[in-house]
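Here, each number is a calculation from the coordinates, and none is a lab measurement. This one's a predicted model, so the numbers in the text were calculated from it and none came from an experiment. Cβ atoms come from the backbone with ideal geometry, glycine included; neighbour counts cover every protein chain shown.
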Amino acid sequence: MNQTAMTDPQKRALEHLENLIRIPSASGNENALADYCFDALEKTDFTPRRIETGDGRYTVYAEMQGAKKGKTLMFAGHIDTVPVVEGWETDPFEPVRKEVKNESGVMEERLYGLGANDMKPGVALMLTLAEALTGQSEKFSGVISMAFLPDEEAYSVGARALIKSGVKADFCIMAEPTYKYIYIGGPGKMLFSARTHGKAAHGARPQEGINAIVEMGSFLASLENIPVQNDPEMGKQSFVPFRVKGGPDHYSLSIPEECECVVSKQLVPGEHRESIFQALERHVSALGLRGSMTFEIGQPYYLPYREDEHSPAFKLFETVYRQRLGRTPPYKIGSSVSDANCLSAEAGIPVLTFGADGYGSHQKNEYMKIESLSYVFDIYMRFTFEFLGDFSAQA
Ligand SMILES: [Zn+2]
């Protein structure tokens, strides 16, 4: 493939993508990239606004109204990246195009750079879509919205600020780089601290105290006996201790009275913080500890989600996808959390995660296959008109 074979939207998306890669946007430092998106949207028929996250950052949210009232279709993507890791062969903040032979021996044109896969192509495609839709409000009913979200690689404060602002949608396409698999669900996760409270005593007379570390030991040794749900798709997700700390930092001949452990638990549908804490309380009361134990929820906390791929919107996507690519969408359950968990499980917006084709998220030498910008753009555009056109009249 060479540059002359590119379609106009593909060229434009690539141009945006190259600009986006040149703007560093590791989680916590996304405002320059948010401003780029805001400025680009201001030149379109979309009306952008900034939604404060409360820590000096903002989500950029934009809407474009169609000719008549109708549904709202949202496109969403995160604007942050992970930090640079070791071993890059090129400057991660300078987009580099290369022709490379792929696993099947076919030459393909790739774009390398930090975020070149996860997920600046999705952001670039959304901006290109906003430009392409400009002047076309007569062709659809309802609202097309776009959300550019900071902090997805950390705690999703961007998605949470968006939800808190009251934004709603009937369907959302999350433009993550999930070309090979289209995610329609995934486990959630919670992090909590478990604390044992004992009784201090002279270290030479341990029988007079209650050792909080020993108590924690009994709890940790019994973690796998705590019943958890077994989901047919997401399996059984066990409790995973991440860190334990007990006793004073300096030597003291005393029985430690406090011990804390940070525990992670992935959540499957039906599990949430309340159900997990209930299971923990039941387990602890049967354990016969001598002291007491308390639990406290921490961050991150994401609920699991599972969409219905047989619903009209997913079926419509399937039709559009099949028309463009000649195959069935490879729907799959994800293994990690994303902003999709927040939008779907917290805001009740059905989310389908589909974006450009690339490789190497969170790794060195991350890249995107330039050709995929064209397919994905076509599918976004076609789906938008179908979802907010005839389809919304029938549904
Ligand atoms: Zn991502």
Computed [θ] at 222 nm, deg cm²/dmol, the chain (DSSP H ≥ 4; -39,500 (n - 2.57); rounded to nearest 500): -8500 deg cm²/dmol
Distance violations [Cα-Cα > 32 Å] among K139/K364; K199/K265; K11/K164; K315/K364; K164/K332: K139/K364; K11/K164; K315/K364
Net charge of Cβ neighbours under 10 Å - reference L267; Lys, Arg +1; Asp, Glu -1: +1
Peptides 171-177, 39-45, 284-290 ordered by average Cβ neighbours within 10 Å, highest first: 171-177, 39-45, 284-290
Quarter of the Cα convex hull surface for the chain, i.e. its orientation-mean projected area (nm²): 22.7
Largest to smallest principal axis extent of the C-alpha atoms in the stretch 138-179, angstrom: 39, 30, 14
Principal-axis tilt of helix 273-287 within the chain, Cα atoms, nearest 10 degrees: 20
